[in-house]
Structures are given as C-alpha cells and as structure tokens.
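Here is the structure we will look at.
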Amino acid sequence: MAVMTDDDCIDILEIKKYLKSPIIGRNIYYEEKVSSTNSMAKDLAIKGVKNGSVVIADMQEKGRGRNGKIWISPPGRNIYMSIILRPKFSPEDARGMTMLAAVSAADAILEITSLMPQIKWPNDILINSKKVSGILTEMGTQNNIIEYIIVGIGINVNLSEEGIPDDIKNIATSLSMELNKTQGKNISGNTRLISRNKLIISFLNKFDRYYEMFLSTGLSPVLQSYQKYFDMIGKDVEITLENRKVKGQVAGIDSKGALLVKTGENELEKIVSGELNY
C-alpha cells in the first residue's frame, strides 16, 4: 500500500518512469492550476497534440462533473487528469471509454489502497456507498468521424473531512478518509495519506491495457471487469432522462454498456445515458 507524508507532490518524471505504454502518458502536460483539465485537454486536442497525451493539474479553478456539476478541486490533495484519444471507431462506441475509465480507476484504487470500490452506473466510483471519483467524457466529431475524445477523471485522494462541503458530506468521501476508517492512523499517530503519483501510474497503466483490449476485441473484456465492481442488479432506481423519468429495477448491463431496467413484469428498457438515483 502506498502511504505517504503530507508532502505528496506530483512528480511527472517519476510517473513517466513507471508507465508501460508507448502511447498513453508518453506526453504529459502538467500545470499547477488550470480552469479544468478537460478544458485544457480540449484546447490541446484542437491544436493537434498526439494520441494518448495526458493533462494533469494540481488544482482546478472550475472543475466539472457530469451535467454541469462542480467538482471540488483544491490543491495538493486530489487527482485531476484528462486523457486525449484519437480513435478510429464510431462515435457510438465512444461511450465505452467512460466504462473503461471507471474500471481502470476501480482497479487502481483497489491495487494501491486495498479498499474495495463499487461502480455506480455509468461512471461514479464509490467507497462504502460514498462517491470518491467521477469521470467526464467529451468528444469532438466532424461528419460523424471522431476527431478526439477527452476522458477526464477526478479522484478524491487525500481530501480531509473538513475539505468536503457540508451539503455533500453525506454522499462524498476521499480515499484517505475511508482508509483511516478501516485501518486507523499510522504508527506515528498521523493520518494515512495515499501517493497520488502511484495512483496515477496505476490508473494510466490499467487504462492503457483495457484500451488495447477494447481496440482489439471490443467492450466485452472491459464489461467483464466492470461487473466485478457493479453491485446494482436488483436495486430499485430512478433515472432522469432529458424529458422524462424512468423507474424500475436494475436487470443488468447490455453488450454496449447500456443499463437495462425492468419497468414492468415483461418490460425492459435500455438506458444509454441519464442521471441515476437509488
């Protein structure tokens, strides 16, 4: 387990040293402060940076989650990162990148902290039913051809309880908070903190491995790993779509990553995207 002191600075040279991919993370753009890593990545993508380039920041001034939500992004504590991809598959297949990133994050969290994550469809990572990570995937297309995909991920790593706003304390947490609940403080009596560098390295290596699988065999191997962290089958849910709400019981996930919801005795609805509550 990677436990660190309070001085856990992001070290790009250290990260690059342990990356296994010739593509993902070979070009890393690091800034101490950005508006958001996805915004910076989009600007770089439009300028033509290479496939697999990664943007990492120590702080975001306007961190974004799905549906316009704000992502709390203080310095020195968390991971804010975006990957730029230039794939040749169809825009329809691009939503698989969100699931791929979710599995990569869950695998990395388990490897580095030994905490067992859960995935809330499609892209939230939970620890003990509280959100610790989210993914925001954005895409640029022309004539139905992908020009770039931006896969953004935020992970609450060493955020303290005081750093989480009161209005989301009941639904949000950090890895160090959950680690200290299960293992207590270290021998010196200090809070256990987690190495952001090692977590970034683990995530990027796993993302690269799953991405290669996706390119060669499709979403199937990603979904197999996704199921390990997906514990929603049988749960009653409500999904908010653009113009309506769907209520029912989760029946599973289809081969394209859509959520299958049983809305009646013999009625099954496929949800491609939406805001899920349960």
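Scanning for something in a helix (DSSP H, G or I) and either of a type in the set (D, E, K, R) or not assigned by TED's automatic domain parsing to the domain that holds Val261 (or both), does the stretch 130-151 turn up at least one residue? Looking through the stretch 130-151, none of the residues is in a helix (DSSP H, G or I) and either of a type in the set (D, E, K, R) or not assigned by TED's automatic domain parsing to the domain that holds Val261 (or both).
Is it the case that some residue within the stretch 156-170 is buried (at least 20 other Cβ atoms within 10 Å of the Cβ) and out of contact with any strand residue (DSSP E or B) (no Cβ under 8 Å at 6 or more places or on another chain)? Within the stretch 156-170 (the criterion being buried (at least 20 other Cβ atoms within 10 Å of the Cβ) and out of contact with any strand residue (DSSP E or B) (no Cβ under 8 Å at 6 or more places or on another chain)), the answer is yes, since at least one residue qualifies. Quick check, is Asp93 of a type in the set (Asp, Glu), touching a residue at least 24 places away in the same chain (Cβ under 8 Å) and not in a strand (DSSP E or B)? Criteria met by Asp93. If you filter the stretch 246-274 down to residues that are at pLDDT 90 or above and of a type in the set (Lys, Arg), you find that the one that is surrounded by the most Cβ atoms within 10 Å (Cβ to Cβ) is Lys262. Scanning the stretch 230-252 for residues that are touching an Asp or Glu at 6+ places or on another chain (Cβ under 9 Å) and either assigned by TED's automatic domain parsing to the domain that holds Trp121 or of a type in the set (A, V, I, L, M, F, W, C) (or both) yields Ile239, Leu241, Val246, Val250. Can you confirm whether Lys206 is in a strand (DSSP E or B) and either in contact with a strand residue (DSSP E or B) (Cβ under 6 Å, 6 or more places away or on another chain) or within 29 Å of Asn51 (Cα to Cα) (or both)? In short, no. A residue that is at positive phi and outside any helix (DSSP H, G or I) occurs somewhere in the stretch 211-227. When the residues of the stretch 86-129 are filtered to those that are basic (Lys, Arg) and at pLDDT below 95, the one that is nearest to Leu260 (Cα to Cα) is Lys120. Does Lys228 meet the test of being under 20 Å from Ser129 (Cα atoms), charged (D, E, K, R) and either surrounded by fewer than 19 Cβ atoms within 10 Å (Cβ to Cβ) or in contact (Cβ under 8 Å) with a residue 24 or more places away in the chain (or both)? Considered against the rule, which asks whether it is under 20 Å from Ser129 (Cα atoms), charged (D, E, K, R) and either surrounded by fewer than 19 Cβ atoms within 10 Å (Cβ to Cβ) or in contact (Cβ under 8 Å) with a residue 24 or more places away in the chain (or both), Lys228 comes out as yes. If you check Lys235, Lys206 for being of a type in the set (Lys, Arg) and surrounded by fewer than 20 Cβ atoms within 10 Å (Cβ to Cβ), only one passes: Lys235. Considering the stretch 186-223, the residues that are polar (S, T, N, Q) and farther than 24 Å from Glu92 by Cβ include one that is modelled with the lowest pLDDT, namely Ser188. From the list Glu178, Glu111, which one is closer than 22 Å to Arg77 by Cβ, over 11 Å from the mean Cα position of the chain (by Cα) and buried (at least 19 other Cβ atoms within 10 Å of the Cβ)? Glu178 is the lone residue from the list that is closer than 22 Å to Arg77 by Cβ, over 11 Å from the mean Cα position of the chain (by Cα) and buried (at least 19 other Cβ atoms within 10 Å of the Cβ).
Inside the stretch 228-243, residues that are part of a loop (DSSP other than H, G, I, E, B) and among the aliphatic types (A, V, I, L, M) make up a count of 3.
If you go through the stretch 19-48 and pick out every residue that is of a type in the set (A, V, I, L, M, F, W, C), surrounded by fewer than 16 Cβ atoms within 10 Å (Cβ to Cβ) and modelled with pLDDT of 95 or more, you end up with 1.
The values are calculated or read from the model by the stated rules, or taken from the named source; none is laboratory data. Bear in mind the structure is a predicted one, so any value in this text is a computation, not a measurement. Neighbour counts are summed over all protein chains in view; Cβ atoms, including those assigned to glycine, are modelled from backbone coordinates with ideal geometry.
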